[in-house]
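> One structure coming up, written as structure tokens, with questions to follow.
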Amino acid sequence: MCPQGRCWRAGCKEKLNAEQRTKNESTEYSRYETSMMLTYEQARDTVIEQVGKKRGPRAIVNVSVWDALGFVLAQEIKTDREYPPFDRSTRDGYALRSNEAGPGAQLKCVGEIKAGDTVRESLVAGTCVQIMTGAAVPAGADAVVMIEQTQREGDRVRFERAARARQNIVSRGSEAAAGQTILSPGMRLGYAELALAAQVGAVQLQCAQRPRIAILSTGDEVVLVDENPGAFQIRNSNSVSLAAQVRIAGGEPVVLGNAADQAEELGEKIERGLKEDALVLSGGVSMGKYDLVESVLKAMGAEFFFDAVAIRPGKPAVFGMCQGKPVLGLPGNPVSTMVTFELFVAPAIDLLSGAEARKLPLVEARLAAALNEKPGLAHFLPARIEWRGTIAEVKALPWQGSGDIATLAKANCFLVVPAEREKIEVGESVSVLLRKDIV
Ligand code: AMP
Ligand code: MG
């Protein structure tokens, strides 16, 4: 007995019934035949150009500085005062007049200044004051000598060497002037930017609303991750990796689940996805008889800019605009989905977030094991990059192809083999696409 017509035998009645149903629903969706194969650089530029054209002003949200990591700033942040606000000592030691600290010189210590102490009085000539890191240097003093270079007996301090004017002092206003713009609209907020905002008292930040990215997987074989798959079914791992990648890229994932390889259901779920800022699909974009994503999108008015990219894994990736929204159809093989997301979806999310598209995190490394790949397509091979001192070495990992998530979970980068290269020898310099979430 065939469960839901899923038998492989050509004459099986249950299967024929199921096929007839699919056919009735799908006649107007015969595979959309085009071939717009681009290099991955061209494909990426195309996404950036087209999404760049469409992006409008983002809605603005108020975000606490504690929660704003990864948001894109939508306002100017200015300093509330000079930074540092006073001449700041960068050492524990003695503040003095620099011309009074030659080798063997002795000065009377007249007190101590802790970080946070109010400092109003000037230092009198012939004296010094003990000072702590972060404390204000009094007027009259123009240098701090670190404690390690002094000897103290009672209130007398002896100095071992000469002092330079301004040594161990960061001058008032030298980091930023009062009212100076220190963060601008379009900047992405990382930990340093958030600390800078906090430093000037900006605890509520006006940020661009994160773009909502609909995620829709496709495939008759795919079940939810918390369901028990049948013997020939698989869990929807792509929905999880895509949601994580969307978050890392600065978007808000809207997970729509899975659509069967059937035009009507696919159409309905795509329609739902097009309500968000962009739609990312996985699966259903290859040459198979039940790969219906492109034809369904076409029937919904999509304009495609490419439907193949000269890469492996990830060749069938599709990009178009449908009802004014960017749509990226990624191949369903998990490693293909992950690679094509990094190449084509991440820059779209940057632009939809109100920022510029970030460059790919490519670095050069020394090849540690020779490679022999079929030329014609650029390869993105799961690999490990390791640093020996400052020298980076990279080695591709043995893998079972683009369904092999287990190998990718051991990798920390993709080794990029250019389309025209076949053999690459040990010691040659190669490009490596870092996995930003791990390295
Ligand atoms: P497709 O791109 O639809 O031809 O699918 C290619 C391969 O990826 C097939 O082996 C699928 O079973 C697998 N696949 C498709 N969608 C998913 C998914 N959401 N999660 C994990 N694997 C998937
Ligand atoms: Mg499929």
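> Return the calculated 222 nm mean residue ellipticity for the chain, to the nearest 500 deg cm²/dmol, obtained by summing -39500 (n - 2.57) across DSSP H runs with n ≥ 4 and dividing by the residue count.
Only helices count here, giving -5500 deg cm²/dmol.
> Estimate the FRET efficiency between SER184 and LYS436 by the formula 1/(1 + (r/R0)^6), using the beta-carbon distance for r and 25 Å for R0, to the nearest 0.05.
The computed FRET efficiency comes out at 0.60.
> Let me ask something additional. Please give the charge dipole size of the chain, origin at the Cα centre, charges +1 on K and R Cβ atoms and -1 on D and E Cβ atoms. Round to the nearest 20 debye. Each step should come with its number before you reach the end.
On the way: 52 positive and 54 negative charges, 103 e Å.
Rounded to the nearest 20 debye, it is 500 debye.
> Whole-Hz ³J(HN,Hα) for each residue in the range 240-254, computed from phi via Karplus 6.51 cos²θ - 1.76 cosθ + 1.60 with θ = phi - 60°, x for glycine and proline: what do you get?
6, 5, 5, 4, 5, 5, 4, 4, 4, 6, x, x, 10, x, 10
> If you don't mind, another one. Counting GluC sites (Glu not before Pro) as exposed when in a DSSP loop with at most 13 other beta carbons within 10 Å, what is the longest stretch of the chain free of them?
228-419
> With everything on Cα atoms, drop me the angle between helix 40-54 and the longest principal axis of the chain, reported from 0 to 90° to the nearest 10.
The angle comes out at about 80 degrees.
> Using Cα pairs closer than 8 Å and at least 6 residues apart in sequence, work out the relative contact order for the range 265-373, in percent.
Rounded, it is 22 percent for the range 265-373.
> Between SER174 and GLU221, what FRET efficiency comes out of the Förster formula 1/(1 + (r/R0)^6) with R0 = 56 Å and r the beta carbon distance, rounded to 0.05?
The value I calculate is 0.35.
> In addition: Considering the options PRO185, ILE424, VAL119, tell which one lies farthest towards the positive end of the dipole of the chain, charges being +1 on Lys and Arg and -1 on Asp and Glu at the Cβ, about the Cα centre.
Checked the options; the winner is VAL119.
> Related question: Around ALA141, which amide H atoms from residues at least 5 apart in sequence, or from another chain, sit under 5 Å from its own amide H, with H modelled in the peptide plane?
Under 5 Å from the amide H of ALA141 lie the amide H atoms of LEU123, each far enough along the sequence or on another chain.
> Given axes a ≥ b ≥ c from the Cα gyration tensor, I'd like to know whether the range 387-427 is rounded (a/c under 1.5), prolate (a/b larger than b/c) or oblate.
Oblate is the answer for the range 387-427, as a/c is 1.5 or above yet b/c matches or exceeds a/b.
> Consider a paramagnetic label point 7 Å from the Cα of ALA409 along Cα→Cβ; state which residues of the range 226-260 have an amide N under 18 Å from it.
226-229, 234-245
> Right, something else. Would you work out the relative contact order for the chain, in percent, from Cα pairs under 8 angstrom that are 6 or more residues apart?
Across the chain, relative contact order equals 16 percent.
> Assuming R0 = 45 Å, can you tell me the calculated FRET efficiency for the pair THR90 and ILE234, based on Cβ-Cβ distance, to the nearest 0.05?
0.15
> So, one more: Roughly how tilted is helix 263-273, in degrees to the nearest 10 and between 0 and 90, from the longest Cα axis of the chain?
Tilt of helix 263-273: around 20 degrees.
> Indicate, rounded to the nearest 5 percent, the antiparallel portion of the DSSP beta bridges found entirely in the chain.
In the chain, approximately 70 percent of DSSP beta bridges are antiparallel ones.
> Grab the Cα-Cα distance for LYS275 and LEU69, subtract it from 0.36 nm times how many residues apart they are, and report the gain in nm with one decimal.
Here the segment from LYS275 to LEU69 would lengthen by 71.6 nm.
Each value in this text was obtained by applying a stated rule to the coordinates, not by laboratory testing. No experiment lies behind these values; they were computed from the predicted model shown. Neighbour counts run over all protein chains shown; Cβ positions are idealised from the backbone, glycine included.
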